[in-house]
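Undergrad: Starting off with a structure, shown below.
The values are calculated or read from the model by the stated rules, or taken from the named source; none is laboratory data. Predicted model, so just to flag it, every value in this text is computed and none were measured. Here Cβ is always computed from backbone atoms with ideal geometry, including for glycine, and neighbour counts include all displayed protein chains.
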Amino acid sequence: MTPAAPPPTTPVRTRLVLGIKLGVSLGLLILLFRQTDVSAISTHLNALDARWIAAALGLLSLMIALSVWRWRLLLRTQGVPCSLRHLAGSFLVATFFNNFLPSNIGGDVIRIADTAPLARSRTIAAGVVLLDRAMGLLALVLVAAAGAVLGRGVAGPDEPGYLWVALALTAAASVPALFAPGLIAHALVPLHWLGSGWVNHRLGILGTMLARLGDRRLAVAGAFAGALGVQLVLVASTSPWPGRSAFRSRPGAPSSSSPSAWPCR
C-alpha cells in the first residue's frame, strides 16, 4: 500500500509557523535582556576599538569561509550537489547551536539534517560531517605539535613528543581509508555477521564512500588544507601581537580583559 502524500503547506500554516518562531525568538530576547545589565554592555561597547573589532570580524569570516569550503569539497567527493549559500546558512545555524548548547552535537545534527536531502542519504551526510570533524581534529593536533616545537623554551619545558605520537597514530589510521579502502571494508566484515539488513546496507554505503574518497585524493588533500587554514587563522586571531589585546580599548577608556571566543573547527 502506497503511503499517503503529506498535505500541502498552506499560506495560513506558513504564517502561523513564522509567527510562532518570531514569538519564541522575541520571548527569548526579552528574557535575556531582563537578566542583563544593558548599561554595563553599553559601557564596554563604547570602550572598544573599532579597528580591532573589524579585524576580529574579518578573521572570523575567513574561518567560516574556509570551513564551509572544506565541507563542500567533502560533499562533492560523494557526488552531492550543494551551493555555498546553502552550506553557509546551515553552518551559521550549526555554529549558533554549538555555542549555546552544552555540547557540539546539536550543530552537527543541523548540518546532517540540512545535507541529507541533497545526498539522499543520512548515512552519507553523517559520514561527511564526521570526516570533517576528524580532519579538524587532525589539523588541531598538527598545529599544536608544531607550536609546541617552535615555542619550546618560551612557554615552558613541556615536551611535545606525545603530540607527535598522537599525530602519527591518527595519520596512520587515516592512510588506509584513502589509499587502501578495501582494507577498511575487510575489517568491517565481522559486522555483516549480525545479519541485519540495516547494518549491511549502511556498511555498503560506507564502503562506497571510502572508495570515492580514494578516487578524489586531491579534493581530500584540499579539504585538509582548509582544516589546517582554520587552525592557523585561529592561532593568528589569539596571538599576542605587539600592542594588541583581545579587545583593545580606546585611550582613557576602561579596559576589558574578556577573551575573544572563536569556534574551534
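Undergrad: Could you list, in sequence order, the residues of the range 3-28 that are at pLDDT below 80 and among the small types (Gly, Ala, Ser)?
TA: Scanning the range 3-28 gives Ala4, Ala5, Ser25.
Let's see how each residue does on (1) within 30 Å of Thr208 (Cβ to Cβ); (2) assigned to a strand (DSSP E or B); (3) of a type in the set (A, V, I, L, M):
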site	(1), (2), (3)
Leu22	no, no, yes
Leu26	no, no, yes
Trp71	yes, no, no
Ala113	yes, no, yes
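Undergrad: Would you tally the residues in the range 81-106 being of a type outside the set (Lys, Arg) and modelled with pLDDT of 85 or more? Quick ask: steps written out before the conclusion?
TA: Start the filter on the range 81-106 by keeping residues that are of a type outside the set (Lys, Arg), which leaves 81-84, 86-106.
If we keep only those that are modelled with pLDDT of 85 or more as well, we get 81-84, 86-95.
The total comes to 14.
Undergrad: For the range 90-105: of the residues being of a type outside the set (S, T, N, Q) and without any contact (Cβ under 8 Å) to a residue 12 or more places away in the chain, which is farthest from Leu66 (Cα to Cα)? Break it down stepwise before answering.
TA: Applying the first criterion (of a type outside the set (S, T, N, Q)) to the range 90-105 yields 91-94, 96-97, 100-102, 105.
Filter once more, keeping what is without any contact (Cβ under 8 Å) to a residue 12 or more places away in the chain: 96, 100-102, 105.
Working: Phe96: 17, Phe100: 22, Leu101: 23, Pro102: 25, Ile105: 21 Å.
Ranking the qualifying residues of the range 90-105, first place goes to Pro102.
Undergrad: Ok, one more. Checking the conditions here, which among Ile112, Ile64 is modelled with pLDDT of 90 or more and closer than 20 Å to Ala225 by Cβ?
TA: Details: Ile112 fails: closer than 20 Å to Ala225 by Cβ.
Only one candidate qualifies: Ile64.
Undergrad: Looking at Arg72, Arg15, which is the one that is surrounded by 10 or more Cβ atoms within 10 Å (Cβ to Cβ) and within 30 Å of Val220 (Cβ to Cβ)? Working first, answer last.
TA: Working: Arg15 fails: within 30 Å of Val220 (Cβ to Cβ).
Testing whether each residue is surrounded by 10 or more Cβ atoms within 10 Å (Cβ to Cβ) and within 30 Å of Val220 (Cβ to Cβ) leaves just Arg72.
Undergrad: Does Ala40 fit the bill of being part of a helix (DSSP H, G or I) and either charged (D, E, K, R) or surrounded by 10 or more Cβ atoms within 10 Å (Cβ to Cβ) (or both)? I'd like the intermediate steps shown before the answer.
TA: Working: part of a helix (DSSP H, G or I): yes; either charged (D, E, K, R) or surrounded by 10 or more Cβ atoms within 10 Å (Cβ to Cβ) (or both): no.
For Ala40, the condition - part of a helix (DSSP H, G or I) and either charged (D, E, K, R) or surrounded by 10 or more Cβ atoms within 10 Å (Cβ to Cβ) (or both) - is not met.
Undergrad: In this structure, does Ser121 turn out to be exposed (fewer than 15 other Cβ atoms within 10 Å of the Cβ), of a type in the set (S, T, N, Q) and at pLDDT below 90?
TA: Working: exposed (fewer than 15 other Cβ atoms within 10 Å of the Cβ): no; of a type in the set (S, T, N, Q): yes; at pLDDT below 90: yes.
So Ser121 does not fit the description; no.
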